Amino acid sequence: MLMITEALLYATTLPLTGKPHRKFIRYSVNLWSRAGRCAGDWADHEEKSRNAIRAAAAGLRQKRTAVVLGSGLLRDVPIEELARDFDTVVLIDLVHLASVRLWLAAKGYRNIRLIERDLSGYDDLAAGREVEPLGLLRGVPYLDLVISANLLSQIGRGVKRRHAAEAAGRMPEDTVERLIAAHLTGLSGLSCQHCLVTDIAYAVIDRNGKTHEEADLLHGVAPPPGKAAWKWPVAPLGEESRDYRIEHKVIASW
């Protein structure tokens, strides 16, 4: 039954997605499926992500336009509050699943705009252009809040995969680090309030609590100081193996 639902979600999302981004639909459907299976284990992470965004927005004198980078499934974004409090909310991601579009339509939101965009900056770097992955934000009027929602490590993962497939010498050796840093630089250069929620490291842990593998998801690029930090059980025991779980460390900064 689940496979049928996934196939339907893929099929209904396909015509709604621009051709350059259709190859990413499968990843988004897989994320949707895992989020459903792991809903209980992910609930604390999602609520803490939403709380960080709430805290970032709380002190704003004006609430005209909010932009969410990496809006995804909207599970980790307090979208109802953003839609209520801001004049306009812009959701930017590679793919907006049909299920997300349907939910937004059912809610009757008239102040939410969806934009498909690759926010990695990879194509600009490959073409030798100046890398400003968040340069599009300069064209957003009355911008009061920008949220990077559990996106940065995904940029790193996607860039690493693309870089590995390139012919030797076509891209700089430090492509992954450079594009992660460009995202952080773009956020820090904004004149409005911004909130970064990102996982920064992961660990593979067996059922006895022993750590077998660890990695830096930001590839050595230092994130800003976090105001909050927590663990996210991305793959609980039984999700990928009966013998180990995968846990990410998440920080939030605003």
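The values are calculated or read from the model by the stated rules, or taken from the named source; none is laboratory data. Computed from a predicted model, the values in this text were never measured in an experiment. Methodologically, a virtual Cβ is constructed for each residue, glycine included, from the backbone with ideal geometry; neighbour enumeration extends over all protein chains shown. SASA here: full protein model, heavy atoms, side chains in, ligands and nucleic acids out. Shrake-Rupley method; radii C 1.70, N 1.55, O 1.52, S 1.80 Å.
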Inset, instruction - Work out which GluC sites (Glu not before Pro) in the chain are exposed loop sites (DSSP not H, G, I, E or B, at most 15 other Cβ within 10 Å) and give the longest gap free of them. - result: 1-129
Inset, instruction - Using the Karplus curve 6.51 cos²θ - 1.76 cosθ + 1.60 with θ = phi - 60°, work out ³J(HN,Hα) for each residue of region 175-190 in order, rounded to whole Hz, and write x for Gly and Pro. - result: 4, 4, 4, 5, 7, 5, 5, 5, 5, 5, 5, x, 5, 5, x, 6
Legend entry - ³J(HN,Hα) computed for each position of region 7-21 - Karplus, 6.51 cos²θ - 1.76 cosθ + 1.60, integer Hz, glycine/proline x: 5, 5, 5, 4, 5, 7, 7, 3, x, 8, 10, x, 3, x, 9
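Trypsin sites (Lys or Arg not before Pro), restricted to region 150-240: which are DSSP loop and have at most 15 other Cβ atoms within 10 Å?
Sites meeting the loop and neighbour criteria: Arg170, Arg207, Lys210, Lys227.
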Inset, instruction - At 1.4 Å probe size, with every protein chain present, just tell me what the per residue accessible area of the chain comes to in Å². - result: 51
Legend entry - Cα gyration tensor, region 15-72 - rounded (a/c under 1.5), prolate or oblate: oblate
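Exactly which chymotrypsin sites (Phe, Trp or Tyr not before Pro) in region 77-181 are in a DSSP loop and have at most 16 other Cβ atoms within 10 Å? List each step's numbers first, then the result.
Working: sites: Phe86, Trp103, Tyr109, Tyr122, Tyr142; in loops: Phe86, Tyr109, Tyr142.
Hits after loop and neighbour filter: Tyr109, Tyr142.
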Inset, instruction - Classify region 154-228 as rounded, prolate or oblate, taking a ≥ b ≥ c as the square roots of the eigenvalues of its Cα gyration tensor: rounded when a/c is under 1.5, otherwise prolate if a/b is larger than b/c and oblate if not. - result: oblate
Inset, instruction - Treating only the Cβ atoms of Lys and Arg (+1) and Asp and Glu (-1) as charged, compute the dipole magnitude of the chain about its Cα centre; round to the nearest 20 debye. - result: 640
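Of the accessible area of region 151-254, with the probe set at 1.4 angstrom, what percent is carbon plus sulfur?
Using a 1.4 Å probe with all protein chains present, region 151-254 comes out at 49 percent carbon and sulfur.
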Inset, instruction - Using the Karplus curve 6.51 cos²θ - 1.76 cosθ + 1.60 with θ = phi - 60°, work out ³J(HN,Hα) for each residue of region 150-163 in order, rounded to whole Hz, and write x for Gly and Pro. - result: 6, 10, 4, 5, 5, 4, x, 5, x, 5, 4, 5, 5, 5
Inset, instruction - Let me have the relative contact order for the chain, percent, based on Cα pairs under 8 Å that are six or more residues apart. - result: 18
Legend entry - Qualifying trypsin sites (Lys or Arg not before Pro) in region 82-146, DSSP loop, other Cβ atoms within 10 Å at most 10: Arg110, Arg129
